[in-house]
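To start, the structure under review is shown below, and the notes come after it.
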Amino acid sequence: MPASEVPTLGEVLKAERIRRNLTPRQVQLGTNIKGLDLTQIEDGTIEQPNPAILQRLARYYGLDFNQLAQLAGYIIRAVGDLGESDRRIIKNFVDKVYFGEDEVDEDDHDAR
């Protein structure tokens, strides 16, 4: 691969597995990812795996999830780059997940 080309997600993951002297079976057992899925990600058949699978692989290999997600074609933006509308959507989601409420008053968070 020429130095100017960006490697594919599969190439990065396969290279990391080989660098660590791991078999696909060892990665499968360590990540609880189906062997066929791992093989298809590595060979490029699956170009954009589920983010949960990417997260497991990132943790297992000690790689940056955001970089893997970008290689998979997911757009990752820093919170500072988001508009006010996007920030509000994220805040509402986090509030619902962590506090079980839709619109949460900012002062309520301090009391918890």
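Quick note: the coordinates plus some simple rules give every number you see, no bench work behind them. Quick caveat, the model's predicted, so the values are computed rather than measured. Backbone-built Cβ (ideal geometry, glycine too); neighbour counts: all protein chains shown.
Looking across region 7-27, the residues that are over 19 Å from Ala72 (Cβ atoms) and assigned to a helix (DSSP H, G or I) come down to Ile18, Arg19, Arg25, Gln26. Looking at Gln28, Gln40, just one residue is of a type outside the set (Lys, Arg) and in contact with a Gly (Cβ under 6 Å, 6 or more places away or on another chain), and that residue is Gln28.
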